[in-house]
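Participant: Have a look at this one.
Please treat every number below as a calculation from the coordinates, not as lab data. Given the structure is predicted, the values throughout are model-derived calculations rather than measurements. Backbone-built Cβ (ideal geometry, glycine too); neighbour counts: all protein chains shown.
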Amino acid sequence: MVTEVADGRVAVVGGGVIGLSVAWWLAEAGHEVVLVDPAPASGASWVAGGMLAPVTESWPGEDDVLALGRASLAQWPAFAARLAGVGGDPRLRHDGTLAVAVDSADAGALDVLAAYLREHGQDAARLTGRELRALEPGLGPGVRSGLSVPGDLAVDTRDLLRALIAAAEKAGVRFVTAKAVAVRTGAVELEGSTVDCSVAVIAAGAWSAALHPALARLVRPVKGEILRLRARPSALAPPTRTIRALVESRPVYLVPREGGELVLGATQHDVGFDTEVTAGGVRDLLADATRVLPGIAEYALTETAAGLRAGSLDNLPLIGPVAPGVVAATAHHRNGLLLAPVTAAAVLSLLRGEPLPAHVRAADPARFHRHSPTSQEVPR
């Protein structure tokens, strides 16, 4: 049965990029929306690198992850243009990604990725180290080979979040700056009060598991440390494209920003809710990044930060109902920014009682709960 939710309040729990995008789209569609978060536009969304790169993030065996990411990437230009018209320009970059390898094992991993992408009809040109340096002269002599992926995008995360807040406010979203402690049918429980609602959308990232029993073992925090650098006048300019590298099997990415800034990340650790930046994490990121772009040794280190990604059991997010009147939009792991358009559209379709495309149905939380409602049911 498909149930439409045409009236009543919608409470969105979580003010990161997913929660803000969902709240904005629902409010623009005419829903009364309350967004609950003690500090909107903070956490993992604020420190994220901003890559919109489903292709270079993909790997054999994760076909559903790739399909969902590619569908959302296709929606990003229209999403950004719509946002620029009401909230501000999120500064979408169209320069593509270079995926590069440092040693022979890293090059072998890129060969596997290239073959997988060819099977899925994705353009990814194989390049030698010399060809890569012709595109990005700052790449070091140790870079052996790589892939050019022209379709990947990137976005300035902080401009994006500011624009989303402005757009949500303009659309009429009411912000409740309080901590949610539980979500149940008909209400979001806060510390000392409740927000009544017809539908609650859990978009609280790594903290989602604590809000509803259906998510208790499905979402976990994954720590990532990120650095921000700035090119000094005497240093080489940052690359013009996003660089994703494997350095002795360790992933590292470098994302250019306006004004000579470079975002460098990211470590990945299952250490619970620890958000302290470690000396070892900074050391490892800088050591690996300087093997890829030696010139950044002369950059200024302007910021260190750690965020908590929301990991799932199979790297797919959780998008769909988990109880009557409760919808999950969480566990996007490394792809929260990328999947914002497809997630916002999916939640709006669920509330309208519309069928979802196959790439979204694959993310239904019911895949982990045999007796859960299907992804086309939003009981009131």
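Participant: Any idea what angle helix 104-119 forms with the longest principal axis of the chain, computed on alpha-carbon atoms, 0 to 90 degrees, nearest 10?
Facilitator: The two axes meet at around 50 degrees.
Participant: Roughly how big is the chain's charge dipole about its Cα centre, with Cβ charges of +1 (Lys, Arg) and -1 (Asp, Glu), in debye to the nearest 20? Numbers along the way, then the final one.
Facilitator: Numbers: 35 positive and 40 negative charges, 42 e Å.
In debye, rounded to 20, the chain gives about 200.
Participant: With unit charges on the beta carbons (Lys and Arg positive, Asp and Glu negative) and the dipole taken about the Cα centre of the chain, which residue among Ala310, Leu135, Pro90 sits farthest to the positive side?
Facilitator: Leu135
Participant: Within the chain, which is the longest segment containing none of the GluC sites (Glu not before Pro) that sit in a DSSP loop and have at most 11 other Cβ atoms within 10 Å?
Facilitator: Looking at the chain, 1-190 is the longest stretch - no exposed GluC sites (Glu not before Pro) with at most 11 other Cβ atoms within 10 Å.
Participant: Give me the angle, in degrees from 0 to 90, between the Cα long axis of helix 63-86 and the longest principal axis of the Cα atoms of the chain, rounded to the nearest 10.
Facilitator: Relative to the chain, helix 63-86 is tipped by roughly 80 degrees.
Participant: Percentage of Cα-Cα pair distances in segment 192-241 greater than 14 Å, rounded to whole percent?
Facilitator: 72
Participant: How large is the charge dipole for segment 133-233, taken about the Cα centre, if only the Cβ atoms of Lys, Arg (+1) and Asp, Glu (-1) carry charge, to the nearest 20 debye? Show your work: numbers first, answer last.
Facilitator: Details: 14 positive and 9 negative charges, 80 e Å.
Once rounded to the nearest 20, the dipole reads 380 debye.
Participant: Right, next: What dipole magnitude, in Debye to the nearest 20, does segment 275-328 give about its Cα centre under +1 on Lys/Arg Cβ and -1 on Asp/Glu Cβ?
Facilitator: For this selection, approximately 100 debye.
Participant: How large is ³J(HN,Hα), in whole Hz, for each residue of segment 331-347 in order, when computed from phi with the Karplus curve 6.51 cos²θ - 1.76 cosθ + 1.60 and θ = phi - 60°, using x for Gly and Pro?
Facilitator: Result, ordered by residue: 6, 7, 6, 7, 10, x, 5, 4, 8, 4, x, 5, 6, 4, 5, 5, 5 Hz.
Participant: Taking every pair of alpha-carbon atoms in the chain, what share in percent sits in each 10 Å bin, from 0 to the bin with the longest distance?
Facilitator: P(r) for the chain, in whole percents per bin: 5, 24, 33, 23, 11, 3, 0.
Participant: How big, on average over all directions, is the shadow cast by the Cα convex hull of segment 1-82, in nm²? Numbers along the way, then the final one.
Facilitator: Numbers: hull surface 30.7 nm².
Its average projected convex-hull area is 7.7 nm².
Participant: Over what distance in Å are the Cα centres of segment 185-235 and segment 287-329 separated?
Facilitator: Each part's Cα centre sits 13 Å from the other's.
Participant: Based only on other Cβ atoms within 10 Å, what is the fewest-to-most ordering of Tyr253, Tyr116? Please list the in-between numbers first.
Facilitator: Details: Tyr253 26, Tyr116 19.
Ranked by crowding around the Cβ, least crowded first: Tyr116, Tyr253.
Participant: Can you sort Ser234, Ser42 by how many other beta carbons sit within 10 Å, fewest first?
Facilitator: Ranking Ser234, Ser42 by Cβ neighbours within 10 Å, fewest first, gives Ser234, Ser42.
Participant: Provide the descending list of Cα extents for segment 90-165 along its principal axes, expressed in whole angstroms.
Facilitator: 45, 31, 19
Participant: How large are Rg and Dmax for segment 121-230 when calculated on the C-alpha trace, in angstrom?
Facilitator: When restricted to the Cα atoms of segment 121-230, Rg and Dmax are 22.1, 62 Å.
Participant: Turning to a different aspect of this structure: At 0.36 nm per residue, and after removing the present C-alpha to C-alpha distance, how many nm does the segment from Val86 to Thr177 gain when stretched out fully?
Facilitator: So the chain would gain 30.5 nm between Val86 and Thr177.
Participant: Choose one of Gly192, Leu161, Thr177: the residue whose Cα lies farthest towards the positive end of the charge dipole of segment 151-220 (beta-carbon charges +1 Lys, Arg; -1 Asp, Glu; about the Cα centre).
Facilitator: Gly192
Participant: Same structure again: As I understand it, the dipole of segment 211-276 uses +1 on the Cβ of Lys and Arg and -1 on the Cβ of Asp and Glu, about the Cα centre. Which of Thr267, Val222, Leu246 lies farthest toward its positive end?
Facilitator: Leu246
Participant: Would you mind getting me the FRET efficiency between Phe368 and Asp274? Use the beta-carbon distance for r and R0 = 22 Å, nearest 0.05. Can you show the working numbers first?
Facilitator: Working: r = 26 Å, r/R0 = 1.17.
Once rounded, the FRET efficiency stands at 0.30.
Participant: Where does the chain land at 222 nm, in deg cm²/dmol rounded to the nearest 500, when only DSSP H runs of n ≥ 4 count, each adding -39500 (n - 2.57), divided by all residues?
Facilitator: -9000 deg cm²/dmol
Participant: Something else now. What order, most packed first, do the peptides 264-274, 44-54 have when packing is the mean number of other Cβ atoms within 10 Å of each residue?
Facilitator: Working: 264-274: 16.5, 44-54: 24.9.
In decreasing order of mean packing, 264-274, 44-54 become 44-54, 264-274.
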